[in-house]
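Contents: one structure, followed by commentary.
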Amino acid sequence: MQPLLVGVASGAGAFSSLFEAARAAGVRVGWLDLDSRDPQPSDLGGAATAGAMRSVGVAGRTTVAVKQLSGDPVLRDLVREHFTGCRLVLVRGKIEAPQLHPAAGDWRLQRTAVEEGELLSTEALLTALRSPCFPDRDA
């Protein structure tokens, strides 16, 4: 199953409670930052620019991979390569997808730009993510 993509405007920290609750519930959630200002930590970017197919840094229990692209990023390819097994990927940057916003301890899901959106608790959001029809209620 392909992960559900939702757009977000806030930084990753605004979603920490969702990440934590999803991990506890066994729901894999990813983060894709299409507006990242500096995705190349330390010498990883230099290695990729110099011609390495991919450069990977490891610090404790965290890894970072850097890879030069031959053209503009393709969302479908990014999702397939990096988010296999995720049910949800939060995408910061321009994307045509439902939008998820933090809302006073809950989450507001806007399926279209013209609607106010639905207010969901973290538990309700995680339950909805298990539905094959989410986020399209009428599907």
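Would you kindly find the accessible area of D77, with a 1.4 Å probe and non-protein molecules such as ligands, DNA and RNA excluded, rounding to the nearest 10 Å²?
D77 has an accessible surface of roughly 50 Å² with all protein chains in place.
Hey, if you put +1 on the Cβ of every Lys and Arg and -1 on every Asp and Glu Cβ in the chain, which of A25, L100, L4 ends up farthest toward the positive end of that dipole?
Ranked along the dipole, the leading option is A25.
Quick one: of the DSSP bridges fully inside the chain, what percent are antiparallel, nearest 5?
Numbers: 13 of 24 bridges.
So the antiparallel bridges amount to about 55 percent of the total.
Provide the solvent-accessible area of T63, counting protein heavy atoms only and rolling a 1.4 Å probe, rounded to the nearest 10 Å².
100 Å²
State the percentage of accessible surface on the stretch 20-139 attributable to carbon and sulfur atoms; use a 1.4 Å probe and exclude ligands, DNA and RNA. Spell out each step's value before the answer.
Details: 4010 of 8010 Å².
Using a 1.4 Å probe with all protein chains present, the stretch 20-139 comes out at 50 percent carbon and sulfur.
Mind listing the phi-derived Karplus ³J(HN,Hα) values for the stretch 2-15, rounded to whole Hz, using 6.51, -1.76 and 1.60 with θ = phi - 60°, and x for any glycine or proline?
So the J values, rounded to whole Hz, are 6, x, 7, 9, 10, x, 9, 10, 7, x, 4, x, 5, 10.
What's the Kirkwood radius of the stretch 1-127 in Å, using all Cα pairs?
Numbers: mean 1/r = 0.0622 Å⁻¹.
Every distinct Cα pair counted, the radius reaches 16.1 Å.
Students sometimes get this wrong: rank K94, K67 by accessible area, probe 1.4 Å, all chains present, largest first.
Working: K94 190, K67 80 Å².
Greatest to least solvent exposure: K94, K67.
Keeping every protein chain present and rolling a 1.4 Å probe, give me the accessible area per residue for the chain in Å². The partial results should precede the final answer.
Details: 8870 Å² over 139 residues.
Result: 64 Å² per residue.
Quick check: net charge around R87, other residues with Cβ under 10 Å of its Cβ, Lys/Arg +1 and Asp/Glu -1? Show your work: numbers first, answer last.
Numbers: positive: R28, R130; negative: none.
Spelling it out: positives minus negatives among the neighbours equals +2.
The values are calculated or read from the model by the stated rules, or taken from the named source; none is laboratory data. Bear in mind the structure is a predicted one, so any value in this text is a computation, not a measurement. Don't worry about glycine lacking a Cβ; one is built from the backbone with ideal geometry, like all the others, and counts go over all protein chains shown. Remember, those area values only see protein heavy atoms, side chains included, never the ligands or the DNA or RNA. Shrake-Rupley method; radii C 1.70, N 1.55, O 1.52, S 1.80 Å.
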